[in-house]
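The values are calculated or read from the model by the stated rules, or taken from the named source; none is laboratory data. Values in this document were obtained by computation on a predicted structure and should not be read as measured data. Counting neighbours? That spans all protein chains shown, and the Cβs are built from the backbone with ideal geometry, glycine included. To get the accessible areas, we keep the full protein, side chains included, count just its heavy atoms, and leave off ligands, DNA and RNA. Shrake-Rupley method; radii C 1.70, N 1.55, O 1.52, S 1.80 Å.
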Amino acid sequence: MKDENRRKEGAEFQPSAFNIPPSQKGLLEGASRILRELLRSPKVKESLFVLMRELDPQNAPLLIRSLTQSDPGLTFSALAAFPRLINAATEAGLEITSQAVDVAPALRDEFLAQFAADVDAEKLGRLCAEILILKSGILSSENPGMREAKNNFVDNFAAGFFSSIKDEKQRIAETFADLIFSGLETAAGKINEDIAREDSLCLPIVEKATRGIGEIAVKNPEVIRQVAAPLAAAWRDILKFEKEINDKPSGVDE
């Protein structure tokens, strides 16, 4: 398994793990070589710990404004570099998660709990909303190049996702189901408030999804049979239970 091999390679310091072909060398590779040398010094390590503790994410917009407002050309250069920054963060995340498997479960759980507490979930939610707004423009675009880029992104994302979970399907399925139900439980109250409003966000989503079910059924009959049908049966049981509660005379105990 790919991740298992990566973990075995990283168990001990191996110079071969840092041998990069000349064609792949660049800014980050050079920075990693310098960093490896600097980290030999305890004083540099301590300075690095101080810098990480003093990181001020709330001022990241100032950094972006400094880059984008000083020169229009620099603005486009920064935008062009954004996908590479995302790719770099993704590669770093893959390396961190592969190494995290070797951490003791209790220590890992403590770290993840602190991680969840420290991440600004509200800002992350705003970012996701802004991305959705941008994505809605992409989906409605008539530009063939835009549609092709969107389709390629979705196909490659799905390929990467499913290739990574192929050896852990059962465990991932259970985890994914737990996340879905946990999210639904948390969101149920918000949804209940939303559907009562005139400018509801949920109701248009439901209407749009309903119109698209017929097309999905024609293109993906197995999905309908094995996924949608069991879910529909569960919803019918819920609606039946709701009807029994509503039809029950008031004041009658169960």
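The table below gives the values:
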| quantity | calculated |
| --- | --- |
| Test: residue in the stretch 63-77 that is of a type in the set (A, V, I, L, M, F, W, C), open to solvent by less than 60 Å² (accessible area, probe 1.4 Å), in a helix (DSSP H, G or I) and touching a helix residue (DSSP H, G or I) at 6+ places or on another chain (Cβ under 9 Å) | no |
| Residue match in the stretch 82-92 (condition: modelled with pLDDT under 85 and either in a helix (DSSP H, G or I) or acidic (Asp, Glu) (or both)) | yes |
| When residues of the stretch 118-140 are limited to those that are open to solvent by 70 Å² or more (accessible area, probe 1.4 Å) and small (Gly, Ala, Ser), the one modelled with the highest pLDDT | ALA121 |
| Residue ID - nearest to the chain's Cα centre (by Cα), chosen from residues in the stretch 32-46 that are in a helix (DSSP H, G or I) and surrounded by 11 or more Cβ atoms within 10 Å (Cβ to Cβ) | SER32 |
| Filter pass, LEU107 being in a helix (DSSP H, G or I), within 14 Å of the chain's Cα centre (by Cα), modelled with pLDDT of 75 or more and under 30 Å from GLN58 (Cβ atoms) | no |
